[in-house]
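The values are calculated or read from the model by the stated rules, or taken from the named source; none is laboratory data. It should be emphasised that the depicted structure is a prediction, and the values quoted were computed from it without experimental measurement. A quick note on method: Cβ atoms are made from the backbone with ideal geometry, for glycine too, and the neighbour counts reach across all protein chains shown.
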Amino acid sequence: MLRKEREITDFQEIIKVLEKCDTIRLGIFGAEYPYVVPVSFGVSLEGDKVVIYFHGSPRGYKAELLQTHPKVCVEGDIFHKVEPTAYGITTRYESVIGFGVVESVEGDEGKIKGLQTIVKHYNFPEYPIGRCKGLAAAHVYKITLSQITGKSSLQA
């Protein structure tokens, strides 16, 4: 990280930033170019690992790429404002970047856990996932991050 003074070094603070993000972007190895796609998500700590859940179709370009290249980059950010400083104009933000491997979640129990993590992230913790008619058709993915970093420009 070039600007070390902006690095978030406390693991819990990095998780707090990730939990505040509305959307994450997945960077996936594409056939000819990198492919970046925004997804709704949920985050949980499983042991000492950060795990991100998201859902999507088991068909289509994203699904094909994830099956071929399960190693991904995850990016989330919070834009706060742009403001003038003594040195010019700057952006106040918080961001997280992580690297990990995607896998499909199998079985109703695993799907329910993943989907509950997602709806909890969006403040619907009591949503009855287990009673959803589309549960059998839902495709849930899980990313276990092997590396995560955070950055913030909130300090002047």
Original post:
Mind checking which pairs have a first residue in segment 83-107 that is in contact (Cβ under 8 Å) with a residue 12 or more places away in the chain and closer than 24 Å to residue 149 by Cβ and a second that is of a type outside the set (Val, Ile, Thr) and not in a strand (DSSP E or B), Cβ under 6 Å, 6 or more apart or different chains?
Top reply: 92/153; 92/154; 93/153; 96/18; 101/70; 102/66; 102/70
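How about segment 1-117: which strands (runs of 3 or more DSSP E) wholly inside it have at least 1 residues that are surrounded by fewer than 14 Cβ atoms within 10 Å (Cβ to Cβ), small (Gly, Ala, Ser) and at positive phi?
88-105
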Original post:
Any idea which residue in segment 137-151 is farthest from residue 75 (Cα to Cα), counting only those that are touching a residue at least 24 places away in the same chain (Cβ under 8 Å) and out of contact with any Phe, Trp or Tyr (no Cβ under 7 Å at 6 or more places or on another chain)?
Top reply: 138
Original post:
In segment 118-155, which residue that is closer than 22 Å to residue 97 by Cα and more than 19 Å from the chain's Cα centre (by Cα) is surrounded by the most Cβ atoms within 10 Å (Cβ to Cβ)?
Top reply: 153
Subject >> Candidates 113, 133 - the one that is of a type in the set (Lys, Arg) and modelled with pLDDT of 90 or more >> reply: 113
Original post:
What pairs can you find where one residue is in segment 23-41 and within 20 Å of residue 139 (Cα to Cα), the other is in a strand (DSSP E or B) and of a type in the set (D, E, K, R), and their Cβ atoms are less than 6 Å apart, with a gap of 6+ or different chains?
Top reply: 25/75; 36/25; 38/25
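Taking the conditions exactly as written (at pLDDT below 95 and over 18 Å from the mean Cα position of the chain (by Cα)), does residue 93 satisfy them or not? Even if it seems obvious, please write down each step before you answer.
On the way: at pLDDT below 95: yes; over 18 Å from the mean Cα position of the chain (by Cα): no.
Answer is no for this residue.
Please find, among 84, 58, the residue that is within 22 Å of residue 129 (Cβ to Cβ) and at pLDDT below 90. Even if it seems obvious, please write down each step before you answer.
On the way: 84 fails: within 22 Å of residue 129 (Cβ to Cβ).
None of the other options fit; the residue is 58.
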